[in-house]
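The values are calculated or read from the model by the stated rules, or taken from the named source; none is laboratory data. Just so it is clear, the model here is predicted, and its values are computed rather than measured. Cβ: placed from backbone, ideal geometry, glycine included. Neighbour counts: every protein chain shown.
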């Protein structure tokens, strides 16, 4: 890694088949050990069950309220300030329980690669 400042580009946000909007804040070769994305889930939406192969993920909740399901843990409500730890290969999904967007950072190690993503159903 070397020093850099990466600026937010709101126009770079895209919709995924998982059911959420993603803006890759940092997913670059010069910092290959980690990626940071801003995820946004619309009110009433539940993302699809999925897992990341060989990639650990952390959700850092910024705003909104939701319910997260991770591995064998019971479903838990989450909100701003909560952190969800997701080991590599662990099934996961999140639901927006509120009337506002559910917004969180998704921090992956090593950095997110599309080939690590595996859709495992509704």
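Numerical summary
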quantity	calculated
Residue 66, sole failed condition from (1) surrounded by fewer than 19 Cβ atoms within 10 Å (Cβ to Cβ); (2) closer than 17 Å to residue 18 by Cα; (3) over 12 Å from the mean Cα position of the chain (by Cα)	(1)
Which numbered condition residue 95 fails, given (1) part of a loop (DSSP other than H, G, I, E, B); (2) modelled with pLDDT of 95 or more; (3) closer than 21 Å to residue 122 by Cβ	(1)
Residue match in the range 33-40 (condition: touching a helix residue (DSSP H, G or I) at 6+ places or on another chain (Cβ under 9 Å), surrounded by 12 or more Cβ atoms within 10 Å (Cβ to Cβ) and at negative phi)	no
Condition broken by residue 15, with the remaining ones in (1) surrounded by fewer than 15 Cβ atoms within 10 Å (Cβ to Cβ); (2) over 14 Å from the mean Cα position of the chain (by Cα); (3) at pLDDT 95 or above satisfied	(2)
Residue count for the range 1-17, restricted to those that are part of a loop (DSSP other than H, G, I, E, B) and in contact with a strand residue (DSSP E or B) (Cβ under 6 Å, 6 or more places away or on another chain)	3
Test result for residue 55, surrounded by 14 or more Cβ atoms within 10 Å (Cβ to Cβ), more than 18 Å from residue 21 (Cβ to Cβ), at pLDDT 95 or above and touching a helix residue (DSSP H, G or I) at 6+ places or on another chain (Cβ under 7 Å)	yes
Where residue 114 falls short, out of the listed (1) within 15 Å of residue 22 (Cα to Cα); (2) surrounded by 13 or more Cβ atoms within 10 Å (Cβ to Cβ)	(2)
